Amino acid sequence: MATTDQNTENTAGADTTPEFVSYEVKGTTAWIMLNRPEYSNAQNYRLLNQLDDCFKRAVEDEEVKVIVLGGEGKHFSAGHDIGTPDRDRMMPRERKTLWYDHVDKPGAELQYVLEQDAYLGFCRRWQEIPKPTIAMVQGACVAGGLMLAWACDLIVASEDAFFQDPVVRMGVPGVEYFAHAFELPPRIAREFLMLGRRMPADRAYMYGMVNAVVPRDELKANVVEMADELAERSRFGLALTKQAINFVEDLRGKRTSMDGVFHMHHLAHAHNQLLSGNLVNGLDAKAMADANRPKEKK
Ligand code: ZN
């Protein structure tokens, strides 16, 4: 049994928590929108918890056949929050999986527990949602943004969308949900990670990482059309199909390799802490943003 004290403590102040995600059902589709456009939908832990709540709501609503995940504003998501005023890494959080509280844990344990739950745990849980999910991606889909898009069944991108995992600059071998070599051919995944450059939507389409690339002003209409078509299929047929693909990916080693790489990821965080006193090699949000800008062509 969960203790009442723990629950009370973790939900204290929930009334004043800003809404970082919006939820709306239109017809048979649940529209879940990341809603921090002023920070390019950077993901803090409350946003991720709210996102999980929205997914649960959509799963439990019998009227909802399809779930769309998008981001308000110019960008889908710039990744995990590493520097906004609402960053909440050390704030107690309501935990959705069975990991214990990360706050006050010593050494490498704090970040390991937090990321098992909120990053790897959440993404796996969302990948297994028994309804079809479509990521609607415009602008930046960077690092933690990739994790959200990759956890969906289909990805529809606008022509201005780009994909990037620049965290090797932080001395870390890719984001926590290590699907890179499943989403991209291995040679390209090496380049994607080692150089950390932006991959434009049309190039991502070429490798099968996205299902469609459409003009920005037609993005939503295309997603609506796809969602409405999916809604005509058998609910159970879709759920089983989704499980079938997940099953095949796991047989190809996706789950096992993710577990393995997650530990390399945490070796890197711990190494960074020892050498620089910082998880990400001393880089802050501004330093990453500056480093991420495309280099001037010579
Ligand atoms: Zn990490």
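The values are calculated or read from the model by the stated rules, or taken from the named source; none is laboratory data. For clarity, every value in this text was computed on a predicted model and none was experimentally measured. Cβ placement follows ideal geometry from the backbone for every residue including glycine, while neighbour counts extend to all protein chains displayed. Areas reflect the complete protein model, heavy atoms only, side chains present, ligands, DNA and RNA absent. Shrake-Rupley method; radii C 1.70, N 1.55, O 1.52, S 1.80 Å.
If R0 is 45 Å, the Cβ-Cβ spacing of ASP88 and GLN243 corresponds to a FRET efficiency of close to 0.85. Across region 192-298, the volume of the C-alpha convex hull divided among the residues equals 186 Å³ per residue. Starting from 0 in steps of 10 Å, tell me what percent of the Cα-Cα pairs of region 63-161 lands in each bin. Percent of pairs per bin, in order: 14, 38, 34, 13, 1. With R₀ set to 45 Å, the beta-carbon distance separating GLU232 from GLN273 gives a calculated FRET efficiency near 0.30.
Of the solvent-accessible surface of region 35-75, computed with a 1.4 Å probe over protein heavy atoms with every protein chain present, carbon and sulfur atoms account for 44 percent.
Run a plain Debye calculation on region 123-212 (Cα atoms as equal point scatterers, no solvent) and give log10 I(q)/I(0) at q = 0.21 Å⁻¹, rounded to two decimals, same order as the q list. Those come out to -1.00, one per q. When the chain is described by a simple charge dipole with +1 on each Lys and Arg Cβ and -1 on each Asp and Glu Cβ, the residue from MET136, PRO173, MET258 located farthest towards its positive end is PRO173. Regarding the chain, what is the average projected area of its C-alpha convex hull, in nm²? Taking a quarter of the hull surface, the average projection is 16.5 nm². Dipole size of region 182-298 about its Cα centre, with +1 on Lys/Arg Cβ and -1 on Asp/Glu Cβ: approximately 480 debye, rounded to the nearest 20.
With a threshold of 26 Å on the Cα-Cα distance, the over-threshold entries among LYS105/LYS131; LYS220/LYS254; LYS131/LYS286; LYS26/LYS286; LYS96/LYS242 are LYS105/LYS131; LYS220/LYS254; LYS131/LYS286; LYS26/LYS286. Under a Cβ-Cβ cut-off of 14 Å, what is the net charge of the residues other than GLU218 that fall near it, where Lys and Arg count +1 and Asp and Glu count -1? Net local charge, GLU218 excluded: -2. If you count the DSSP beta bridges with both ends in region 53-212, what percent of them are antiparallel, to the nearest 5? Close to 15 percent. Restricting attention to the chain, close to 30% of DSSP beta bridges with both partner residues there are antiparallel. Counting only heavy atoms of the protein chains and using a 1.4 Å probe, ARG125 has close to 90 Å² of accessible surface. Given their separation in residues at 0.36 nm each and the Cα-Cα distance between them, ARG124 and GLU191 gain 21.6 nm when the chain is fully extended. Taken over the alpha carbons of region 70-112 as equal point scatterers, the Debye sum produces base-10 log I(q)/I(0) values at 0.17 Å⁻¹ of -0.67. Among the protein heavy atoms of region 82-222, carbon and sulfur supply 55% of the accessible surface, probe 1.4 Å, non-protein parts ignored.
Evaluated at q = 0.26 Å⁻¹, a Debye calculation over the C-alpha positions of region 124-172 (equal weights, vacuum) places log10 I(q)/I(0) at -0.94. Using the Cβ-Cβ distance between ALA287 and LEU98 with R0 = 45 Å, the FRET efficiency computed as 1/(1 + (r/R0)^6) comes to roughly 0.80.
Solvent-accessible surface of the chain, averaged per residue with a 1.4 angstrom probe and all protein chains in place: 50 square angstrom.
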